[in-house]
Amino acid sequence: MIYKEFTKPLKCKKNIAILMATYNGAEFIDAQINSILEQSAQNWELFIHDDGSTDGTRKIVETYASRYPSKIHVLSGISNGNAKKNFFYLMENVNSQYIMFADQDDFWEKNKVSVTYGKMLALEKENSNKLPILIFSDLRVVDRNLTTISPRMSRYQGLKMDNTSFNRLMVQNIVTGCTVMINAKCKEMALKCTNYDDIIMHDWWCALIASYFGKMGYIDEDLILYRQHGVNSVGAKNIHSISYVKDKLYKDRDQKIMLSKTERQIAAFTKSYHVNDTYINMYSQLYKFGKIKRVAFLVKYNVWKSGILRNIGLLYFC
């Protein structure tokens, strides 16, 4: 179904709304949508918003929406300018018990929805569906032809997937958006930020919410073929490559810019949710302190990234 005009958020008739933000993804989007259609669990609807594609993506998704009117929906609306704001636009305009995020160029394993949903229900049963909950998984890194580059992105990028405490997530996101499911409470809280420009990415923001106020659950499986084709919006970086080491050791300006962005994001978090924890408030204004005090703060509050090289960079560039 194609929604050209709507005055209030659309209601997902199934348990799960899959949100897909698209932009010039014509080369791979057929395979991605087909992999979603072939899921073993069918308790979902797919909602797509295109951000002004010029390569035929919009026509492709509208064709799918016409072919599967009860399963696939295309939302018209403003061009948001980037993937982050496009996903927030979708969250603002779709209501559902559970939300999953989908990139336009990946390929989902057939059990992705069922396994992720099962983990969500188990975590809600242990806790409460009134808490914000986020589920995420590992990924298989593949090339443009879906040939495996690395069976696990966590190993490829040297990520510690148990770094889900807030003090670790402040400085590094280990959650990849296309693996994520959040519940309605997490989505509701995510939309309380009034300025999305302060947020680095939608998945990171949701992870911060779930870590601080609720629960996070990790699935130690590669449920997605994470396609790398040279023009990914974010993409996977091989921590073992020489170019990666050079970037971490020599790109002074880039490292400082990212740290400054994380500080701004945490400042937005404290403002949005009236957070008053000492270490969080300190991080939100980290660059008001001198170098020695910044390093002392990282050590005292155990604010570290995954891996020795990243932490050397963190200490040097902070």
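The length gained by stretching the chain between His229 and Leu37 to full extension, at 0.36 nm per residue less their Cα-Cα distance, is 66.8 nm.
For the pair Asn276 and Tyr301, label points projected 7 Å from Cα toward Cβ lie 1.7 nm apart.
Once backbone amide H atoms are built at 1.01 Å from N, Phe101 has Leu19, Val180 as its partners under 5 Å, excluding neighbours fewer than 5 places away on the same chain. Pairs over the 22 Å Cα-Cα cut-off, from the set Lys11/Lys59; Lys119/Lys215; Lys110/Lys215; Lys84/Lys261; Lys160/Lys300; Lys125/Lys271: Lys11/Lys59; Lys110/Lys215; Lys125/Lys271.
With a Förster radius of 41 Å applied to the C-beta separation of Lys13 and Ile312, the computed FRET efficiency comes to 0.20. Over every Cα atom in the stretch 24-131, the radius of gyration and the widest Cα-Cα span, Dmax, amount to 14.8, 46 Å.
Which of these, Asn82, Asn276, Asn43, has the largest mean-square fluctuation under a Gaussian network model of the chain (Cα springs below 10 Å)? Maximum fluctuation in the GNM of the chain, among the listed residues, is at Asn276. Only one of (i) 41.1, 121; (ii) 22.9, 76; (iii) 19.4, 61 was calculated from the structure for Rg and Dmax of the Cα atoms in Å, and its label is (iii). Projected label points at Ser66 and Lys256, each 7 Å from Cα along the beta carbon direction, are separated by 5.4 nanometres. Taking all protein chains as shown and a probe of 1.4 angstrom, Tyr301 keeps an accessible surface of around 60 Å².
Comparing Phe47, Thr63, Gly118 along the charge dipole axis of the chain, the residue lying farthest to the positive side is Gly118, per the Cβ-charge model.
For the chain, averaging the sequence separation of C-alpha pairs within contact (under 8 Å, six or more residues apart) and dividing by the residue count gives a relative contact order of 19 percent. Placing one equal scatterer on every Cα of the stretch 86-132 and applying the Debye formula, the log10 ratio I(q)/I(0) at q = 0.26, 0.30, 0.31, 0.32 Å⁻¹ is -1.08, -1.11, -1.12, -1.13. Of the residues Ile182, Ile200, ranked by 1.4 Å probe accessible area with the largest first, the sequence reads Ile200, Ile182. Rounded to the nearest 10 square angstrom, Arg58 shows an accessible area of 70 square angstrom against a 1.4 Å probe. Where is the GNM fluctuation largest for the chain (alpha-carbon springs, 10 angstrom cutoff): Ala190, Ala17, Ala26? Largest GNM mean-square fluctuation: Ala26. Radius of gyration over Kirkwood radius for the stretch 4-60, both on Cα atoms: the Rg/Rh ratio is 1.00. Spin-label model, Asp55 to Gln285: label points 7 Å out along the Cα-to-beta-carbon direction sit 4.5 nm apart.
If R0 is taken as 30 Å, the Cβ-Cβ distance between Arg152 and Gln97 corresponds to a FRET efficiency of 0.50.
The values are calculated or read from the model by the stated rules, or taken from the named source; none is laboratory data. Since the structure is predicted, the reported quantities are computational estimates derived from the model, not experimental observations. Please note: Cβ atoms are built from the backbone with ideal geometry, for glycine as well, and neighbour counts cover all protein chains shown. These accessible areas exclude ligands, DNA and RNA; they are computed on the full protein's heavy atoms, side chains included. Shrake-Rupley method; radii C 1.70, N 1.55, O 1.52, S 1.80 Å.
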